[in-house]
Each structure stands twice: as C-alpha cells, then as structure tokens.
Amino acid sequence: MQHLWLIPAFPLAGFLVNGIAGRRLPKPLVNTFAVGSVLLAFLWVLKVLAGLQPLEAAYTERYFTWIQSGFVNVGFDFMVDRLTAVMLLVVTGIGLLIHIYSIGYMAHEDGYSRFFAYLNLFMFFMLVLVLAANYLVLFIGWEGVGLCSYLLIGFYYLKKSATDAGKKAFVVNRVGDLGFSLGMFVTMLTFGSLDFATVFGKAQAEGAALNPQTITLICLLLLVGATGKSAQVPLYVWLPDAMEGPTPVSALIHAATMVTAGVYMVARSAPLYNLSPTALEVVAIVGLITAVMAATIGMTQYDIKKVFAYSTVSQLGYMFLGLGVGAYSAGVFHIMTHAFFKALLFLGAGSVIHALSGEQDLRMMGGLRSKIPVTFTVLLAAAVAIAGVPPFSGFHSKDAILLAAHAHAPWMFWVGVVTAAMTAFYVFRAIFLCFFGTYRGDAHPHESPLVMTLPLGVLALLSLAGGYFNVPHYLAPLFGGEHAPHDETLVAISVAAGLAGIGLSWLFYVAAPSLPERISSALGGVYRLVYNKYFVDEAYDALIVHPLRDGSRALLWGVMDARIVDGAVNGAGALARSIGSGLRMWQSGYIRRYAAWVVLGSAALVAVAAFWGGAR
C-alpha cells in the first residue's frame, strides 16, 4: 500500500491550518505550513514512484464507494501510471518552487496567510485531478482548480478589475465544464462506467463494434471542457485577464496546474480519441488556430505579464497540436518543458515588477540588465528555451510536436514553424524592451532577495537542461510507438525560424527602435485589430453578455420575477387580506353586534324551517 491519498492530503492540511488559524500565526509559521506541506507532498511522490518502479502497469488504490445507484457504481479511487508520474513531479516540483518564491514576493502584502491557504488548496485539487482513477474524481479536482483560480485571480478583492477577472475565469470555465459533464454522461451511458480502466479497456476491446458517432461525440464534449481549462479557442479569453492576480498565481496557473488540466485530460483519454480521427483532427486544428492567434496578439502587447499570458495560450495550442496528430507523449513532454520555462518567465517577470515597485509596462523599462543582473540572466535562459534554441528544453519538445505534425499533414508543420518564429520574436521583444537600451521609468530598480532568486536559478537550470528528460521514451509503453521519423532538414527549418524571430526582434527593438512604430503606422487597421486582441471580448460582450444580461433583466426579472412570481405572491397576499377583512366583521368584539347576528340567524333559521315545512 503506497498511501496515495497522502500526496494531496499534505497541501490540504496546509490549507486548513493557514485558512483557519493563519491570521493569528507569525509569518515564519505560515511559511512552514504552506511550503512544508508541498515539500512533504513532493517527497511522498518521490517515495511512491521509487516504490512502484518500473511502473509497467497502473497502480490503483480503492478507498470507498462514492456513488451506487442502479448500474452506476463510482468509487473514490486514486491511481498512478507513467502519465500520472510525470504530472505529479511537475505539479509538486514546480509548485514547491513557486511557494518558496511567494515568501519573498508576497512579504509586504495584506492577506498573507489567506494567499498561502488558497495556494495550498490549489495544489490539493490539482493533485486530486491527476491522481483520479475515474472521470468523476477527476472532475472534483477539475472544479476545484476552477474555484481556486477564482479565489486567487480575485485575490486583490478591493480592485474591481481583479474581481471582474476572477468572475470571468469562473463563468467561462463553467461553459467548458458543461461540455465535460455531458461527455461524462454519454461515457456512462456508452460504457456503463466512468473508471478509466473499464472505459479504456472496453474501448480497446470493442473499438470496431462501438458507434463511431457516439465516440466522436464523447471526445468533442470532453474537448469543450479542455478548451475552457486550457484556454483554447473559443474559451481562451479568461486567461489573459487572469494576470490581475499576484504574479506567483500566474506562474502556478500557467505552468503547473489549471491550464495543463485540459491537455492532461485529453492525453488521459487517448484510447477514446484514437477511435475518432475526426475528433483528433478537431483537437489539432483548434490547437493550431489558438497557437497562431495568441502569438500574433503577444507580438503587440506591452504589459509584460500579458505578453507571457498570450505566450501560454499559444504554447497550449502547440500541446493540443501534438495531441491532435497522435503524438501524445510529445504533447505531455511539452507540458513538462513548458512548466519549466513558463514558470521562470512569470516569476522572472515578477522579479522585474518587484524591482520596479509594481511597474508592468515594458515601455517604462529598459536598460535593466546591469541593475538586476540575476533576473536578466534567468529570463534570458527562459527566452532561449521557449524560442526553441538547441539544445535547450523547448527545442526538444517543440520539435517532437512539429515532426509529428509534418508526418500527419505538412501544412500543419509550416503553420507551426511560423508560430515558432512569432514566439521567438515576442519573447525576445519583451527581453529587449525590458533589459536593453536606456531606462525609461521612474522607480529605483533593485535585485530581488535570495528567497526569490534561488527558485529562479533552479528553474533556469531546468529550462536549459530539462529537454534531456526523455519523457517520450518513458511514456512509450503507455501511448505506444508514435514517434515521427527524425528529419534534420525539418529540424533545421524550425530552428532557423526561431533564430529569425530573435534576429528580427533585435533589429526592431535594439538596432533600429524606430522601426516598430513606422511599421505599426503603415499597417494601420491591421495593427489596431491585433493590438485590440481581434476585439473578441467586445464581440462576446455584444453578442452574448449584453443580450443575456439585458434579456434577463427584461424577461426574467421584469416579467417572470416582478410580474408573474411577485404577482402570484402579492396576489395571494391580497386575497388573504380580503378574506380576512370579511371574516373580521364576525369577530368585532361588540356584544350587541353578536346578539344582533344571533337574532338574525335565528330568524333566518325559523324562516327556512317554515318554508321547508310549508313546501312539504
């Protein structure tokens, strides 16, 4: 017995202690419970994986029957296989570094213990999600990370833009979660179970006999949920606004937890997607559209965190491209390398913001490489990794995806290559605007403390060397042989695209810094379209948000609530008052009136009796 339940239990304990008593505890004790709980989870993951090697088959622990009704039997069960192992190491390892970094970043913020309580709760739900042995337990973690994203994005609850962003993340993800819920219902009806082992076993054994339309429906409904959690078109709009939360939250959401959940779920459901080429093609196309669209927007933004936010959306699109062309291990490999360099990009951006007393506008930076050299060095490491410069981590996972895309459909490879060039361009654009030229701001830059720079150094090493963790080989027994043939020419093309993006960025923002303004002026409306994020938010507001809100006010409130519901309630009250007013006359309290009623009643009875007797 490996006691898998202890992995999420440690962060849950940290949440309970800091959530209940944190306000009365000194900060060092808050740090001990918050960071120590995640450290214990990480160490227990190592112990479990060491005890399960070589992990040829899934290891499952069954705790209790959760739902038993008719043919529905759902247990609260955890399992570990090779995919779970990779995700556990990423979530607990990167999560631990982010918790340590947060000690320095949040040192002077109000709500210190509340922040760490939420952060621990986030870890708990994400660990439940990746440990789940069935879709319903996975859904607990799925909804839990959605709740935590709402709490942490809106952490600065006195700031309206932050609370609005938290609500937006919550509502948009509810749309995706409706699709996920329907997918689970159809899965239960089709396979009679939600357990991964049962569902996938039947899918592989009965594949030819299953209705292909039903399998495609299940996969597409699950994909709707994934587009919400992993910020893909059309449900990506919440993620850039999530930058309103503290920077460590951005790093945790983008690198190790919530946005990887959708990619993980699709990879976990590979036996189902393998039965539906249509669904896989949709996954790949959604990923490509998202990657290109987000990359173009990232090229025009000036908020350093939003540049990296659109980078996350684009890189998630790359992961979906890998999954959609059947290269599941390459997509999961990119989850891991992306966790390294994206956590580093966000935490490095946080170090810049910390150095500049809260400034996030790239136009108010410049010349910082001599003022905050450690931050510059680590961010440069993240930039070369995400740009796909060999031999750093992003090169290995990105090229695995691109080679698989070329084997599937060459046009997808070329779109991916163009996106790679844009990625290198906008990331180095941020580097050059931030660290080169002359300083354009008003703050007095200072390097971050050791508690922040130490995690940055570890992430920098992982960003540079993490590509040598041979994740595709490790996952091969789970996903089968899916490796595209290595092609030096294709690799050279993708590397050249990344280097070209870096070179063009250097030309625009170092060698000839007047060029961007001239080009943006020449592009006119096209530039304004991209700069304003294709007006997608405005379109959603005009076509969905405002009609729903105004319609709700006019119909649901104005008619249904105010007239029908209130009318029925008020009418019942008015009727009761009228009846009561009439009956009140019989209970006036006046003896003479009672006597008069007795006399009148007696006379009426006598008259009726006389009439009745005469009639007979």
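The values are calculated or read from the model by the stated rules, or taken from the named source; none is laboratory data. Everything quoted here is computed from the prediction, not taken from an experiment. Don't worry about glycine lacking a Cβ; one is built from the backbone with ideal geometry, like all the others, and counts go over all protein chains shown. Ligands, DNA and RNA are excluded from the accessible area calculation, which covers all protein heavy atoms including side chains. Shrake-Rupley method; radii C 1.70, N 1.55, O 1.52, S 1.80 Å.
Details
- Counting only helices (runs of 4 or more DSSP H) that sit wholly inside segment 518-557, those with at least 1 residues that are among the hydrophobic types (A, V, I, L, M, F, W, C), open to solvent by less than 50 Å² (accessible area, probe 1.4 Å) and touching a residue at least 40 places away in the same chain (Cβ under 8 Å) are 525-531, 536-540.
- Residue in segment 368-381 that is within 26 Å of the chain's Cα centre (by Cα), crowded, with 22+ Cβ neighbours inside 10 Å, among the hydroxyl-bearing types (Ser, Thr, Tyr) and in a helix (DSSP H, G or I) present: no
- Evaluating Ile20 against the criteria (1) modelled with pLDDT of 95 or more; (2) crowded, with 16+ Cβ neighbours inside 10 Å leaves one unmet condition, (2).
- Considering segment 157-170, and only residues there that are touching a residue at least 24 places away in the same chain (Cβ under 8 Å) and surrounded by fewer than 19 Cβ atoms within 10 Å (Cβ to Cβ), the residue that is nearest to Ala256 (Cα to Cα) turns out to be Phe170.
- On the stretch given as segment 23-57, residues that are of a type outside the set (D, E, K, R), within 15 Å of Tyr118 (Cβ to Cβ) and open to solvent by 70 Å² or more (accessible area, probe 1.4 Å) total 1.
- Test: residue in segment 24-46 that is more than 30 Å from Phe196 (Cβ to Cβ) and of a type in the set (S, T, N, Q): yes
- Residues within segment 130-156 that are surrounded by fewer than 24 Cβ atoms within 10 Å (Cβ to Cβ), under 11 Å from the mean Cα position of the chain (by Cα) and over 14 Å from Ala226 (Cα atoms), tallied: 3
- Filtering segment 218-237 to residues that are crowded, with 24+ Cβ neighbours inside 10 Å and in contact with a Lys or Arg (Cβ under 9 Å, 6 or more places away or on another chain) leaves only Gly228.
- Considering only residues in segment 382-412 that are of a type in the set (Phe, Trp, Tyr) and in a helix (DSSP H, G or I), the one that is most open to solvent (accessible area, probe 1.4 Å) turns out to be Trp411.
- Test: residue in segment 577-587 that is surrounded by 12 or more Cβ atoms within 10 Å (Cβ to Cβ) and either in contact with a Gly (Cβ under 9 Å, 6 or more places away or on another chain) or without any contact (Cβ under 8 Å) to a residue 40 or more places away in the chain (or both): no
- Note on segment 354-367: among residues that are within 23 Å of Pro248 (Cβ to Cβ) and assigned to a loop (DSSP other than H, G, I, E, B), the one that is most open to solvent (accessible area, probe 1.4 Å) is Ser357.
- Pair list, Cβ < 7 Å and 6+ apart or interchain, from segment 307-331 residues that are farther than 21 Å from Asp241 by Cβ and crowded, with 24+ Cβ neighbours inside 10 Å to residues that are modelled with pLDDT of 95 or more and of a type in the set (D, E, K, R): Tyr318/Lys398; Gly324/Glu281
- Condition check for Val565: surrounded by 10 or more Cβ atoms within 10 Å (Cβ to Cβ) and either at pLDDT below 85 or not hydrophobic (A, V, I, L, M, F, W, C) (or both): no
- The residues of segment 440-468 that are surrounded by fewer than 19 Cβ atoms within 10 Å (Cβ to Cβ), outside any helix (DSSP H, G or I) and touching a helix residue (DSSP H, G or I) at 6+ places or on another chain (Cβ under 7 Å), listed by number, are Arg440, Gly441, His446, Glu447, Pro449.
- The condition of being under 19 Å from the mean Cα position of the chain (by Cα), at pLDDT 95 or above and open to solvent by 10 Å² or more (accessible area, probe 1.4 Å) holds for only one of Tyr118, Tyr112, that being Tyr118.
- Unmet requirement for Ile215, which otherwise passes all of (1) open to solvent by less than 10 Å² (accessible area, probe 1.4 Å); (2) under 10 Å from the mean Cα position of the chain (by Cα); (3) at pLDDT 95 or above: (2)
- The number of residues in segment 446-480 that are of a type outside the set (A, V, I, L, M) and closer than 20 Å to Pro248 by Cβ comes to 8.
- In segment 205-233, the residues that are within 30 Å of Val307 (Cβ to Cβ) and without any contact (Cβ under 8 Å) to a residue 24 or more places away in the chain: none
- Check on Gly437, surrounded by fewer than 19 Cβ atoms within 10 Å (Cβ to Cβ) and either at pLDDT 95 or above or closer than 27 Å to Gly358 by Cα (or both): yes
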